[in-house]
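Visitor: Take a look at the following structure, please.
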Amino acid sequence: MGNWIFALGGGIVAGLGMGIGIAVSRESKLKNSYKTTLSALEKSFSVSDDAIFIVSEEMEFLFTNPKAQKLLSIPKATFKEPFKESIYIRIKNDTQPLQECFDTVKRHKKETLYTLPDIVISKEEKVKNGKSVTMYIEPLYDQNRRRLFLVILKDIEQKRKETALMDTHQLTGLPNKIQAKKDLHRFFSQIHQKKHQKMALMVVEIDHLVKIRATIGDEQADKMLQSIANELQQMAQENGYHLYHTFSNHFLFILPEIESNVTIHAFFDTMQKKLKNFYTLDAANLHMSASVGAVIYPEGSTTYTIWDNCYKALDEAKEKGHGHCIIYKRAEIAQKYDEIKLYNAIHDAIEGGEFEIYYQPIVRTGDHEVVAAEALIRWKHPEYGYVPPPIFIPMLEKSGYIVELGKYVLSEVLKQQKKWELFKFKPIEVSINMSLLELESGEFVSYVSQKLQEHQVAPELIKFEITEGIAMQNETVIAEQLNALKRLGVGIALDDFGTGYTSFSYLKKIPATVLKIDKSLLENIVRNQEDQQIIHAMIELAHNLDMKIVAEGIETKQMVDILTEFRCDYLQGYYFSKPLPVFEFQEKIRFSSKVDTTLSEPKVQNALNTPPVRSVNQRIREYQKEDEDDILELKE
Ligand code: C2E
Ligand code: MG
Ligand code: MG
């Protein structure tokens, strides 16, 4: 590439998502090997997805990679054949020549690259047709100690397009199922801020599509679906609803605010009339129609079950024939339980020992060895028998008793862990579901620390599962608490990933090491290629973020095979075992010969029967010391 030497402050040009990650050692070492290093750098830069160039303070370009040549419309530069060019950038509304940044870069003493996020760059002085990029700059020297700058441009327009593409349906360009689930979370939050307000979900299946496709051909049928999408979109806009194309002939409406069932039925009637005129197959006496399943929140469903209930309603509608609309009724609440009775009984139930913890095994994908378990609460009501958690957890959250329940679950699990240690079972990490209300109470971390000490259980044997949650108000406080939990040594997993309550952007905010993909996302994985691609991409992305993946709701061998192929790390579901009372669960781990500790981070280092390498007290003392250090640092 030429006669020049890198003399980087921290000595590292990191990957930055460029697809490369090359370490450049200090100047003295480089003198012997710089040619090899430079040639490797040149190769890496040339295949990078980012635009990279090296430029002097006088704007003499000494190296440009192909992406930079394309993005800025500049020629190839080499150290032997440099050229001069002016470059301008726009930061917010201010336009300036690139050189003006260089003085700031020289003063930038940090170990990180100097970064300007979201700027526009161009050769034109007015930066009219520029490109939106994030710019990283690192100062370097050449052999004659001349100051140079390594500039990396990350094309954010492209990234924005790719993200938008991931969230839209390829055929119609409408937002897809992923986007729908993301939005649903937002609408729940809105509805929770308004008392007595209701929202609805409507899933629409276009009837007879297979027959129509067979009659008019694939291409025409796709065109027809596109026109239907346009028509439905217009209807959505007129009413302030949101439309999604979730799957082949399935569309979904979110109605952010509705009065009653009447709104849904009226909307359904209008839609049916429009569809009827859309396409007629005279020979088969066939009119276009749609079957609709709907659910109203909160009266027909909890946030957990809204999606599934909507499909249950659609299933019922289809059983009636084509062109029907069914609104889901929360049968279990309406018929089986008296909600008020349950609500009043909750406090006594905690006191009276009506709750019991079940354990569901989590197995390692390769050999199906049980390596962990999830603690799942069961309420044995004196009158109703077992009441499912989706019925009573929302009640506990509403009343605040969830904090008390969380304390109960933690101490039961810790007692159990101690028993297993005494009876020489292999160490099994147990995940506990945590409500964000517990974290928001502010005393959670010190409570956990105190309990671990009291029961003398290694923190690495406990993991907390959190969902983004709808009640989440104070992200900074939550993130601080989770970091404190992590420092304590307990693990953190992000639960129900893909249900709309969680997203990849959320991952950056919380220190989770494990991602649990929700069963609703895996349901169609066997039949639907698109779902397979989404799951595969999700697993790869999480692996890139150094996270382990647990797939939940595994019910069949086919699901196991697909997820094994996708390199999912751990599996949980009825195929392996339902949640079990503790004595039945013990049978699964008692005779197990192998130990796995990889779900924990940091790892549980104790082999079968030996106590943890660092004692619990030691671990907790370290945590308290770290906190004191933090405080001292702040004071300084
Ligand atoms: P989750 O944390 O996602 O737990 C997984 C749920 O999926 C459990 O339901 C489990 O029984 C079920 N499941 C596991 N494998 C399969 C399968 O192969 N097929 C199907 N159809 N289902 C499967 P469960 O026990 O009814 O719990 C529901 C939710 O209630 C949990 O979802 C969790 O969010 C919450 N929950 C349960 N126990 C507690 C607790 O102690 N505290 C808190 N805060 N929430 C809890
Ligand atoms: Mg869970
Ligand atoms: Mg889950």
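Visitor: Using a 1.4 Å probe and counting only protein heavy atoms, arrange F149, F583 so the residue with the most accessible area comes first. Can you show the working numbers first?
Guide: Numbers: F149 0, F583 130 Å².
Highest to lowest solvent-accessible surface, that is F583, F149.
Visitor: According to a simple spin-label model (label point 7 Å from Cα along Cα-to-Cβ), what is the distance in nm between K273 and I91?
Guide: Output for this residue pair reads 5.9 nm.
Visitor: Search the structure for amide H atoms under 5 Å from the amide H of D569, placed 1.01 Å from N in the peptide plane, and list their residues when 5 or more places away or on another chain.
Guide: I549
Visitor: Take the Cβ-Cβ distance between Q69 and H322 as r, set R0 to 45 Å, and report the resulting FRET efficiency rounded to the nearest 0.05.
Guide: That pair, Q69 with H322, gives E of 0.20.
Visitor: Measure off 7 Å from each Cα along the Cα-to-Cβ vector at Q99 and T215, then give the distance between these two points in nanometres to one decimal.
Guide: 7.3 nm
Visitor: Whole-Å semi-axes of region 167-329's equivalent ellipsoid, largest first, each the root of 5 times a Cα gyration tensor eigenvalue?
Guide: 27, 17, 13
Visitor: Can you list the aspartates and glutamates whose alpha carbon is less than 16 Å from that of K154, not counting same-chain residues fewer than 8 positions off?
Guide: D49, D50, D118, E138, E162
Visitor: In debye to the nearest 20, how big a dipole does region 83-191 give about its Cα centre with +1 on each Lys and Arg Cβ and -1 on each Asp and Glu Cβ?
Guide: On the way: 22 positive and 15 negative charges, 31 e Å.
Value, rounded to 20: 140 debye.
Visitor: Something else about it: Rounded to the nearest 5, what % of DSSP beta bridges with both residues in region 374-502 are antiparallel? Provide the component values of the computation, followed by the final result.
Guide: On the way: 3 of 14 bridges.
The antiparallel proportion sits near 20 percent.
Visitor: Tell me the label-point distance for the pair N239, E157, using the 7 Å Cα-to-Cβ offset, in nm and rounded to one decimal.
Guide: The two pseudo-label positions are separated by 3.8 nm.
Visitor: Past 31 Å, Cα to Cα, is the threshold; run K486/K519; K128/K161; K516/K588; K126/K177; K451/K588; K70/K223 against it and keep the listed order.
Guide: Beyond 31 Å between Cα atoms: K126/K177; K70/K223.
The values are calculated or read from the model by the stated rules, or taken from the named source; none is laboratory data. Fair warning: this is a prediction, and the values are worked out from it, not measured in the lab. Heads up, the Cβs are rebuilt from the backbone with ideal geometry, glycines too, and the neighbour counts pull from every protein chain shown. Each accessible area value is taken on the protein alone, full model and side chains, heavy atoms only, with ligands, DNA and RNA left out. Shrake-Rupley method; radii C 1.70, N 1.55, O 1.52, S 1.80 Å.
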